[in-house]
Amino acid sequence: MSKIGFIGAGNMAGALVKGIISSKVFPAGDVLVYDIVQKRQDELEKQFGVKAAESSTGLVESADIVVLSVKPQNFTEVLECIKGYVGKEKLVISIAAGITTSKIAKFLPEASIIRVMPNTPALVSEGATAIYSRNAEKNAVDNVVKIFAAVGKAVVVEKEELIDAVTAVSGSGPAYFFLLMEEMIKAGVKLGLSEDVARELVLQTAKGAAILAGKADENKEGPAELRKKVTSPGGTTEAALEVFAEGQFNELVSNALKAACDRSKELPG
């Protein structure tokens, strides 16, 4: 990998810059950033020692890998701007939600194009990212996996339509867990706990459960097995799980993710 450039220097780009430099995927001197908000690119330059480009086209001319990390509503404008500067030697990575590789290819027909769906835990280097390659060679895909593994875990999907499922599962997924935590805190307060105590207990429980599930997965033990271990016959956990079952919790989760997937398919892209 030679030089990588980020067009758009928002939170996700900042997390990626931090991750790839700290993981030594790229040295700071080989990382370029450009943002229409000069203050943001200057912040990254000062914080990480990366190079701020004077323009999006200047960045494209200097970088071998171009990461399009702008908002979807600004995407077409950026493609229009850089289309004359992207040849077959460039690898283009898009992290914009809802933007298909077909749309990108209309503007950048010669480029190797990879579409990525990260999620917000990448901001704390615990992201879950799915990668789809339209036409990139295997070594390029492997390099993109390394880039996003610097901020969590990364997997490759073979069909672009699976990105809609990824969006439903991991892209939107953090919000589902936040909702459950939010409601557990409220329930704890109703049961007599102070809000501070309820929040501390819920957040630590969520953190501990996630770490425990990750460790168990290394031994091929899934969440279902862990749930059974916690659930004693006739006990408190069983009582709570029975209420979840009565409310058809499994169908609610399935329907919610399907709605997210369907909405992802409807997005203009």
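The values are calculated or read from the model by the stated rules, or taken from the named source; none is laboratory data. These numbers come from a predicted model, not from an experiment. So basically every Cβ, Gly included, is an ideal-geometry build from the backbone, and we count neighbours across all protein chains shown.
Working only within the stretch 1-33, note down all residues that are assigned to a helix (DSSP H, G or I) and either at positive phi or β-branched (Val, Ile, Thr) (or both).
Answer for the stretch 1-33, where residues must be assigned to a helix (DSSP H, G or I) and either at positive phi or β-branched (Val, Ile, Thr) (or both): VAL17, ILE20, ILE21.
So which residues in the stretch 1-49 are crowded, with 21+ Cβ neighbours inside 10 Å and farther than 22 Å from ASN143 by Cα?
ASP35, GLN41, LEU44
For ALA224, only one of the following conditions fails: (1) assigned by TED's automatic domain parsing to the domain that holds TYR132; (2) farther than 30 Å from ILE93 by Cα. What is its number?
(1)
Applying the selection to the stretch 204-221, what residues are in a loop (DSSP other than H, G, I, E, B) and either surrounded by 12 or more Cβ atoms within 10 Å (Cβ to Cβ) or of a type in the set (Lys, Arg) (or both)?
LYS220, GLU221 - these are the residues of the stretch 204-221 that are in a loop (DSSP other than H, G, I, E, B) and either surrounded by 12 or more Cβ atoms within 10 Å (Cβ to Cβ) or of a type in the set (Lys, Arg) (or both).
Restricting to the stretch 50-74, give me the number of residues that are assigned to a helix (DSSP H, G or I) and touching a helix residue (DSSP H, G or I) at 6+ places or on another chain (Cβ under 8 Å).
Qualifying residue count for the region: 4.
Give me a count of the residues in the stretch 162-203 that are within 30 Å of SER133 (Cβ to Cβ) and hydrophobic (A, V, I, L, M, F, W, C). Steps first, answer last, please.
Filtering the stretch 162-203 down to residues within 30 Å of SER133 (Cβ to Cβ) leaves 162-177.
Then drop every residue that is not hydrophobic (A, V, I, L, M, F, W, C), which leaves 162-163, 165-166, 168-169, 175, 177.
Number satisfying all stated conditions: 8.
Which ones in the stretch 85-115 are within 19 Å of SER62 (Cβ to Cβ) and assigned to a helix (DSSP H, G or I)?
TYR85
If only one of ILE36, ILE82 is in a loop (DSSP other than H, G, I, E, B) and among the aliphatic types (A, V, I, L, M), which one is it? Steps first, answer last, please.
Values: ILE82 fails: in a loop (DSSP other than H, G, I, E, B).
Answer to the check: ILE36.
Is at least one residue of the stretch 160-171 of a type in the set (Val, Ile, Thr), surrounded by 11 or more Cβ atoms within 10 Å (Cβ to Cβ) and not in a helix (DSSP H, G or I)?
The answer is no; no qualifying residue exists.
Residues are listed down the side, and each one gets a yes or a no for (1) exposed (fewer than 11 other Cβ atoms within 10 Å of the Cβ); (2) at pLDDT 95 or above:
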residue: GLU195; (1), (2): no, yes
residue: VAL202; (1), (2): no, yes
residue: GLY234; (1), (2): yes, yes
residue: GLU246; (1), (2): yes, yes
residue: GLU251; (1), (2): yes, yes
residue: LEU257; (1), (2): no, yes
residue: ALA260; (1), (2): no, yes
residue: ARG263; (1), (2): no, no
